[in-house]
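Read through the structure below, which is laid out as structure tokens, and then see the notes.
The values are calculated or read from the model by the stated rules, or taken from the named source; none is laboratory data. Being a predicted model, the structure only gives us computed values, none of them experimental. A quick note on method: Cβ atoms are made from the backbone with ideal geometry, for glycine too, and the neighbour counts reach across all protein chains shown. In case anyone asks, the SASA skips ligands and DNA or RNA and just uses the protein heavy atoms, side chains included. Shrake-Rupley method; radii C 1.70, N 1.55, O 1.52, S 1.80 Å.
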Amino acid sequence: MAAKPKAGALRAPPAPIPGYYTPETYSADDSVGFLIAALRTRIFKAIDIEMSKLGFTAAQWTILRFVAAGETPTAADLCRRLNYDTGSMTRMLTRLERKGVIAREPSSEDRRIVRLRLTPAGRKLYPKLRDIVIRVLNHLTAGMSADEIQALGEQLKQMRANLEAAYGADL
């Protein structure tokens, strides 16, 4: 049995598959990858504009969202999930801690592990930030039906699954 590659380890690229894109049909500005990346940038900018009134950013929201959901109880988990380096994550967590919205607590099982949790102030602020994200997403999807929004979500999930199947789930 072959050894499983380490997370983040380089692996051979998957074999080419026939698909929509060819050298003749590819246009960088019209490619799905470029459009998704450009849209993500604009979504984050819109969230930044809205959240600046409360002194927060889209990047900070992303961390708070995971901490609030209990999905990533440690800084290391957040780094893996969000593709941050440890230095950047430490600085971001320090900012959030100074704002009084998260707390870092040593694990009772292993002192090397630091767990993250929302503070009471963070729990109070969280719905306000969530409502900003909802407002931005509703602007984003204006003019689309619920069925169209759900179908787009399923298509994006399929694209994510395709990449994970080709390159690994730790992508």
Check: Taking the mean number of other Cβ atoms within 10 Å as a proxy for protection, how do you rank 36-49, 155-168 from highest to lowest?
Finding: 36-49, 155-168
Notebook entry, point to check: With every protein chain present, what accessible area does residue 108 have (1.4 Å probe, heavy atoms only), rounded to the nearest 10 Å²?
Noted result: 110
Notebook entry, point to check: Of the lysine pairs in the chain, how many meet both conditions: Cα atoms under 24 Å apart, and a spacing of 8 or more in sequence or different chains?
Noted result: 10
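At a Förster distance of 45 Å, what's the computed FRET efficiency of residue 147 paired with residue 104, Cβ-Cβ distance as r, to 0.05? Provide the component values of the computation, followed by the final result.
Numbers: r = 43 Å, r/R0 = 0.95.
It comes out at approximately 0.55.
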Notebook entry, point to check: Taking the Cβ of residue 57 as the center, what net charge do the other residues with Cβ under 12 Å away carry, scoring Lys and Arg +1 and Asp and Glu -1?
Noted result: +2
Check: Tell me, how many Å apart are the Cα centres for the stretch 103-167 and for the stretch 17-58?
Finding: 17
Check: Using modelled amide H (1.01 Å from N, peptide plane; none on Pro or chain starts), what sits under 5 Å from the amide H of residue 102, excluding residues fewer than 5 places away?
Finding: 97, 119
Item checked: Quotient of Cα Rg and 2.2 N^0.38 Å for the stretch 21-116, N being how many residues it contains -> 1.39
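Classify the stretch 71-148: rounded, prolate or oblate, from the alpha-carbon gyration tensor (a ≥ b ≥ c, eigenvalue square roots; a/c under 1.5 rounded; otherwise prolate if a/b is larger than b/c)? It would help to have the intermediate numbers written out before the result.
Values: a/c = 2.58, a/b = 1.94, b/c = 1.33.
It is prolate, given that a/c is not under 1.5 and a/b is the larger ratio.
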Check: Tilt of helix 120-140 relative to the longest C-alpha principal axis of the chain, in degrees (0 to 90, nearest 10)?
Finding: 30
Next item on the list: Would you mind telling me which residue in 22, 86, 119 has the biggest mean-square fluctuation in a Gaussian network model of the chain, where springs connect alpha carbons within a distance under 10 angstrom?
Entry: 22
Check: Helix 58-69 versus the longest principal axis of the chain: what is the Cα-based angle in degrees, 0 to 90, to the nearest 10?
Finding: 70
Notebook entry, point to check: Rounded, prolate or oblate: which fits the stretch 42-171 when a ≥ b ≥ c are the square roots of the eigenvalues of the alpha-carbon gyration tensor, with rounded for a/c under 1.5 and prolate only if a/b beats b/c?
Noted result: oblate
Next item on the list: Have a look at 97, 105, 50 and tell me which one the Gaussian network model of the chain (Cα, springs below 10 Å) gives the largest fluctuation.
Entry: 105
Next item on the list: Quick one: go through the stretch 125-147 and flag any residue whose amide nitrogen is under 20 Å from the point 7 Å out along the Cα-to-Cβ line of residue 38.
Entry: 137, 139-144
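Find the relative contact order for the chain and round it to a whole percent, using C-alpha pairs within less than 8 Å whose residues are 6+ positions apart. If you can, show how the numbers build up before the last one.
Working: 113 pairs, mean separation 36.6, N = 171.
Once normalised by length, the contact order is 21 percent.
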Next item on the list: Would you mind telling me which residue in 16, 73, 127 has the biggest mean-square fluctuation in a Gaussian network model of the chain, where springs connect alpha carbons within a distance under 10 angstrom?
Entry: 16
